[in-house]
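Following: one structure in structure tokens, then a few remarks.
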Ligand SMILES: Nc1ncnc2c1ncn2[C@@H]1O[C@H](COP(=O)(O)OP(=O)(O)OP(=O)(O)O)[C@@H](O)[C@H]1O
Ligand SMILES: [Mg+2]
């Protein structure tokens, strides 16, 4: 055993120490195992089986993965979903996070009135049910009765309107932007909290040094909240590659038009549970889920080894 | 280097007045220390000079120029903060040159200034280090260096030493004094440490509740406090106060009596019979004796021994306490009744409104 942590534990009888460990760590271990580790392992195990028409399962090793990545019937929708998911993520990174940072920066400016009001308003969509969000945006953007076309016409931009959600070319980006609209409050809040943590005197020092608010933001505040920004990016990555609900509530499981908005979540859903003519295939679904897990794991590892190590948190 | 003048400066936050009609004129090259109890508005005044806070009324001139509407960087000031406020993501060199970049100082000139400031503050070895790798004293020197390279007209310090330990505080204090001698710059320095104020200042400004109580040379404040507040604030332990009343006037001299001291005879033209007064005597001016210009008795309750001196806490006849400094190895024992006297120049008299009464005690 390693060095005793304290004299108290060092002098404890072994049984008592074990009891103590069990008391403090036990609940977490039990819950974590039951609801995280077990499902993960079970899913991975399931992905190595296949079931025949009678429902009997047999072990096939990595054959499911071979099918998924090799058989055009499976691989085409899979790569499509993965590509769409990447676009979904890129839109979030390029729109949600910069806008969140900008909003947080504005909120942290001295002398802004009604800060609490703006904060709440911008955080409100995050708390809405995704079904309501999907439904409202469906209505807003509807070419038949949506307010979007009318609103654009009113300001003389009627010609810009298109049924964005219905076009293969724009549906995915539109959905991504709806998701951005809904969740922009989260990066804003996290970064705002980090900005509040920067001591006032540091900002004063920068003002004495001749920096305006804009430069203070870019040269002082932004570098100091970089750790939070990178954390937000990771959260975005994980959330985006697990996303499902918005697409499902706006477009249904088929993620139309013509799978233009299909992401890994919806692809998994159809595979696992089936949809219309497609039969549910739990073992293949487990293979998709496992691949999703490894994609996220890979992303996190890249982040941890390439980004996290270079970022330094500053104590003030 | 420049003079600084503040006229009718006011600062209000809503209904609360933080600074109330502050007038102050600081000479070129003067080292002025602002002291006062916590919350009296010292930092606010300094920040207004710096331009970090706006004024609710009044004017500030630096080097003869009205700076009310100028941004901090345009005022020709540099400020050193209590928390050092170094940029944590820049090394020492960048911390010092960062501001210069934005005020259009060419790179070679920046380099020259940094080299010179680093030499002056013994920071040469530390230029590539980050603030997190510096000790408190080193950080404070960097903060001072960052101020120096700006080559300001006026240096502003807000309690720069209060985060340092006692020994470092003394050595940094000496450094700041040396720096002032070297740069001959105008300095406004906020502290609530009396020793810092007394040792560093050419003039001390004593503030209380947003008003200036007195401005003067350190020893003038000590020997001739303008009012009760300054008398009680300057000096440690604080001056002892005794309630008193004018009992009679004979030939231009007033007989002053009080419950806790023997009748005192002072010359004061302005006094009338029945005037309520406060008589103040500093602990260090009280010595054991039989009878003096001022004589008071007390029963020793407690003796604090500091080494070079001891402080005796005595219970007076009227039940209140007063303090006397005792020199030497023989200290009075608790319970002992002691008679203490003070010479006439060391007796301060204040009228009912707290203002000093010009006296000539005998
Ligand atoms: N934004 C504000 N709103 C209301 N009152 C304020 C504000 N900022 C400062 N004050 C008040 O102004 C007064 C002076 O504050 P200031 O910081 O100048 O005190 P100080 O003399 O520097 O005290 P210390 O020695 O503790 O630093 C305080 O009573 C404080 O409560
Ligand atoms: Mg202060």
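The values are calculated or read from the model by the stated rules, or taken from the named source; none is laboratory data. Being a predicted model, the structure only gives us computed values, none of them experimental. Don't worry about glycine lacking a Cβ; one is built from the backbone with ideal geometry, like all the others, and counts go over all protein chains shown.
Quick look at the values:
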quantity: Residue check, residue B:159 within 16 Å of ligand 2 (Cβ to nearest atom) and within 25 Å of residue B:26 (Cα to Cα); calculated: yes
quantity: Output for segment B:2-49, where each listed residue is within 16 Å of ligand 2 (Cβ to nearest atom), closer than 18 Å to residue B:188 by Cα and touching a helix residue (DSSP H, G or I) at 6+ places or on another chain (Cβ under 7 Å); calculated: B:19, B:22, B:33, B:34, B:35, B:36
quantity: Single match in B:172, B:199 (criterion: over 16 Å from residue B:80 (Cβ atoms), more than 16 Å from ligand 1 (Cβ to nearest atom) and part of a helix (DSSP H, G or I)); calculated: B:199
quantity: Those residues of segment B:10-49 which are surrounded by 15 or more Cβ atoms within 10 Å (Cβ to Cβ), assigned to a strand (DSSP E or B) and within 20 Å of the chain's Cα centre (by Cα), in sequence order; calculated: B:18, B:19, B:20, B:22, B:24, B:26, B:31, B:32, B:33, B:34, B:35
quantity: Out of A:228, A:236, sole residue that is in contact with a helix residue (DSSP H, G or I) (Cβ under 6 Å, 6 or more places away or on another chain) and over 30 Å from residue A:136 (Cβ atoms); calculated: A:228
quantity: Check on residue A:155, out of contact with any helix residue (DSSP H, G or I) (no Cβ under 9 Å at 6 or more places or on another chain) and over 29 Å from residue A:87 (Cα atoms); calculated: yes
quantity: Residue B:149 being within 11 Å of chain A (Cβ to nearest Cβ) and either touching a residue at least 24 places away in the same chain (Cβ under 8 Å) or under 28 Å from residue A:312 (Cα atoms) (or both); calculated: yes
quantity: Count of segment B:50-62 residues which are closer than 23 Å to residue B:160 by Cβ and either over 24 Å from the mean Cα position of the chain (by Cα) or within 12 Å of another protein chain (Cβ to nearest Cβ) (or both); calculated: 4
quantity: Leading residue by the ranking (nearest to the other protein chains (Cβ to nearest Cβ)) among those in segment A:210-228 that are crowded, with 18+ Cβ neighbours inside 10 Å and outside any helix (DSSP H, G or I); calculated: A:210
quantity: Test result for residue B:52, over 20 Å from residue B:216 (Cα atoms), part of a loop (DSSP other than H, G, I, E, B) and within 16 Å of ligand 2 (Cβ to nearest atom); calculated: yes
quantity: Residues being more than 14 Å from chain B (Cβ to nearest Cβ) and more than 12 Å from the chain's Cα centre (by Cα) - total across segment A:229-241; calculated: 1
quantity: Test: residue B:99 is over 22 Å from residue B:141 (Cβ atoms) and either modelled with pLDDT of 90 or more or more than 8 Å from every other protein chain (Cβ to nearest Cβ) (or both); calculated: no
quantity: Filtered residues of segment B:70-96 (kept if more than 10 Å from chain A (Cβ to nearest Cβ), over 29 Å from the mean Cα position of the chain (by Cα) and in a loop (DSSP other than H, G, I, E, B)); calculated: B:91
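To keep it simple, each residue is scored yes or no on (1) closer than 25 Å to residue B:351 by Cβ; (2) assigned by TED's automatic domain parsing to the domain that holds residue B:348; (3) surrounded by 14 or more Cβ atoms within 10 Å (Cβ to Cβ); (4) within 30 Å of the chain's Cα centre (by Cα).
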residue	(1), (2), (3), (4)
B:250	yes, yes, no, no
B:287	no, yes, yes, yes
B:327	no, yes, no, yes
B:331	no, yes, yes, no
